[in-house]
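The values are calculated or read from the model by the stated rules, or taken from the named source; none is laboratory data. Just so it is clear, the model here is predicted, and its values are computed rather than measured. Counting neighbours? That spans all protein chains shown, and the Cβs are built from the backbone with ideal geometry, glycine included.
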Amino acid sequence: MNVRIATSNDIPVIREIAYATWPLAYGSILSREQLEYMLELIYSVPSLEEQFSHHHHFFIFEKDKQPVGFASCNAVESHNRWKLQKLYVLPDTQKSGAGKALLERVITTAKEHMATELILNVNRNNPAYTYYLKNGFEVIETVDIPIGSGFYMNDYVMRRKL
C-alpha cells in the first residue's frame, strides 16, 4: 500500500474513482440530478485541471499498484488554515486503512505548510461524518451552500486543530 502525490496526468484516475464512489456515497442522500450535476461541476476535466493549477494538493492511494482512493487539500483564507477538499476510497477498499493513510498524508502536508487547523465540509447525512469525529474533527458550523441550478450542499463544517 502506498500514498503518492498525484499530478494532472492522474485526472482520469481521479474521475474514475469519483464516479465509482459518489453514487454509493450519495445515492441515498442526493437526487440523481444533483449527484450528476455535482460530479460534472467538481470532476470534469476542466474543473480538475483548474484545481491542480490553483495549488490543490492531490494524493492517490495505491493497493497492489492499483489506484483505489484519492484525497485533495489546499490552503484557504490564510495559510494557517487548510481544507480537506476530497477523500474517497473505492467501496471494496474501505475499512482497509486507505482513508486513514490519505487523511494522515493531508494532515502532514498541511503541517508542512505551517497550518494550525484543517477544516472540511461533509454532508449532514453522510455516514463519513462519524469517521471524521473519530479522527479528531469537531463541528464548527452548519451551512447550506447554493451550488447552482437550484441545488444546495447541506453540510457540517468540521475542524481539527493541528
Hey, can you tell me all the residues within the stretch 129-147 that are basic (Lys, Arg) and within 16 Å of the chain's Cα centre (by Cα)? none
Would you say GLU49 is out of contact with any Pro (no Cβ under 8 Å at 6 or more places or on another chain), without any contact (Cβ under 8 Å) to a residue 12 or more places away in the chain, in a helix (DSSP H, G or I) and under 27 Å from PHE151 (Cβ atoms)? no
Selection status of LEU87, assigned to a helix (DSSP H, G or I) and closer than 24 Å to TYR131 by Cα: no
On the given criteria, is LEU103 more than 22 Å from GLU50 (Cα to Cα) and in contact (Cβ under 8 Å) with a residue 12 or more places away in the chain? yes
Taking into account only those residues within the stretch 59-80 that are among the small types (Gly, Ala, Ser) and surrounded by 14 or more Cβ atoms within 10 Å (Cβ to Cβ), which is farthest from THR116 (Cα to Cα)? GLY69
Given (1) touching a residue at least 60 places away in the same chain (Cβ under 8 Å); (2) farther than 20 Å from VAL157 by Cα, identify the lone condition not met by MET38. (2)
Just give me the residues in the stretch 1-17 being more than 20 Å from HIS55 (Cα to Cα), touching a strand residue (DSSP E or B) at 6+ places or on another chain (Cβ under 6 Å) and in a helix (DSSP H, G or I), in sequence order. ILE17
Can you tell me which residue in the stretch 18-35 is farthest from SER53 (Cα to Cα), limited to those that are loosely packed, with under 14 Cβ neighbours inside 10 Å and over 16 Å from the mean Cα position of the chain (by Cα)? SER28
Residue list for the stretch 1-15, filter: under 23 Å from VAL122 (Cα atoms) and touching a Pro at 6+ places or on another chain (Cβ under 8 Å): VAL13
Looking only at the stretch 87-98, how many residues end up being within 10 Å of the chain's Cα centre (by Cα) and free of Cβ contacts under 8 Å to residues at least 60 places away in the same chain? 1
Which one is nearest to LEU87 (Cα to Cα) among residues in the stretch 112-137 that are among the charged types (D, E, K, R) and surrounded by fewer than 12 Cβ atoms within 10 Å (Cβ to Cβ)? LYS134
Any residue that is more than 26 Å from HIS55 (Cα to Cα), in contact with a helix residue (DSSP H, G or I) (Cβ under 6 Å, 6 or more places away or on another chain) and part of a strand (DSSP E or B) - is there at least one of those in the stretch 133-144? no
Can we say ALA115 is small (Gly, Ala, Ser), in contact with a Phe, Trp or Tyr (Cβ under 7 Å, 6 or more places away or on another chain), in a helix (DSSP H, G or I) and modelled with pLDDT of 95 or more? no
